Amino acid sequence: MKKDRFICRDLIDAITAKKYKLARIIIEGGADINWNVDGVTPLMEACLLPRNSEQKYQLILMLLTYGSKLGLRNNLGLTALHYAYMGGCQKVIKLLQERRRQKAL
């Protein structure tokens, strides 16, 4: 199934509006989760959601499971890990660092 880049905007809108169920449906429906809108990927947007939210963590875990790439950069050269630090959630920072280490092996 070809991934739909046009749906990526809807995915980012769902993430920023904290509509977690809608985001999950869009991800499972085949949206291109690595496509960026204005240089920002869905994973980056998810990292900026309110801290210490279990829903935030689960959404990020789902994006990673479905193949979100950690090394993608926005127009300023920032990665999802940079966004995680800006979001301030230690659980997400630890998850992204661990995934990055696993990819390096």
(request) Look through segment 17-33, keep the residues that are outside any loop (DSSP other than H, G, I, E, B) and out of contact with any helix residue (DSSP H, G or I) (no Cβ under 7 Å at 6 or more places or on another chain), and return whichever of them is modelled with the lowest pLDDT. (result) Glu28
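Residue-wise test of (1) touching a strand residue (DSSP E or B) at 6+ places or on another chain (Cβ under 6 Å); (2) within 23 Å of Ala104 (Cα to Cα); (3) basic (Lys, Arg).
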position: Lys19; (1), (2), (3): no, no, yes
position: Ile25; (1), (2), (3): no, no, no
position: Pro42; (1), (2), (3): no, yes, no
position: Cys47; (1), (2), (3): no, yes, no
position: Ser53; (1), (2), (3): no, no, no
position: Leu61; (1), (2), (3): no, yes, no
position: Gly67; (1), (2), (3): no, yes, no
position: Ala80; (1), (2), (3): no, yes, no
position: Ala84; (1), (2), (3): no, yes, no
(message) Just to be sure before I move on: is Tyr66 hydroxyl-bearing (Ser, Thr, Tyr) and more than 12 Å from the chain's Cα centre (by Cα) in the structure I sent?
(response) no
(message) Consider segment 32-57. How many of its residues are hydrophobic (A, V, I, L, M, F, W, C) and farther than 19 Å from Gly71 by Cα?
(response) 1
(request) Go through segment 1-16 residue by residue and tally those that are surrounded by 15 or more Cβ atoms within 10 Å (Cβ to Cβ), at pLDDT below 90 and hydrophobic (A, V, I, L, M, F, W, C). (result) 2
(request) Take Ile27 and decide whether it is in contact with a Phe, Trp or Tyr (Cβ under 6 Å, 6 or more places away or on another chain), of a type in the set (Val, Ile, Thr) and touching a residue at least 24 places away in the same chain (Cβ under 8 Å). (result) yes
(message) I'd like the residue in segment 78-89 that is modelled with pLDDT of 95 or more and not β-branched (Val, Ile, Thr) and, out of all such residues, is farthest from Arg51 (Cα to Cα).
(response) Leu78
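The values are calculated or read from the model by the stated rules, or taken from the named source; none is laboratory data. Worth saying up front: this structure is predicted, and the values here are computed from it rather than measured. Glycine also receives a Cβ, built like all others from the backbone with ideal geometry; neighbour counts cover every protein chain displayed.
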